[in-house]
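Below: one structure, written as structure tokens.
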Amino acid sequence: EHLRQSLQERTAQNVDVERMVSELVDINKEMCILRRKHVQAYVLVAYYKAAFRDKQSGLSREEFRRFMSRLDSKTHAVLQRVGGFEEYDMNKNGCIEVNEFCSVL
């Protein structure tokens, strides 16, 4: 009887631990999503600051260079993997519009 009761208690504890681990995995997934959204917001703010510095929308080649130089090293490396100005300027008009930039994010 004592053994059966002990096993039932252990089983209940295992279920509790499994539920806690599942909750932690879910929390971690949500944190990853929030982190990504935070980085996207940071990058968009930097984009808009650089793009509207001259009171015109879009990033010229020189504005893009300044924009990239102001990013933290990790974000810079991630965006650099996409490529340079030419890869972001999808319609090849010499200006990176917000829709072109956001399609990369």
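The values are calculated or read from the model by the stated rules, or taken from the named source; none is laboratory data. Note that the structure is a prediction, hence the values are computed from the model and not measured. In this analysis, Cβ positions are derived from the backbone assuming ideal geometry, glycine residues included, and neighbour counts consider all displayed protein chains. Calculation scope for accessible area: heavy atoms of the full protein, side chains included, ligands and nucleic acids excluded. Shrake-Rupley method; radii C 1.70, N 1.55, O 1.52, S 1.80 Å.
Before moving on, here are some points about what is shown:
- Only listed residue being open to solvent by less than 50 Å² (accessible area, probe 1.4 Å) and either modelled with pLDDT under 90 or out of contact with any strand residue (DSSP E or B) (no Cβ under 8 Å at 6 or more places or on another chain) (or both), chosen from E100, E86, E62: E100
- Of the listed requirements (1) in a helix (DSSP H, G or I); (2) in contact (Cβ under 8 Å) with a residue 24 or more places away in the chain, G94 misses just one: (1).
- Condition broken by E1, with the remaining ones in (1) exposed (fewer than 10 other Cβ atoms within 10 Å of the Cβ); (2) within 19 Å of the chain's Cα centre (by Cα) satisfied: (2)
- Within the range 44-90, tally of residues that are free of Cβ contacts under 8 Å to residues at least 24 places away in the same chain, within 22 Å of the chain's Cα centre (by Cα) and outside any helix (DSSP H, G or I): 5
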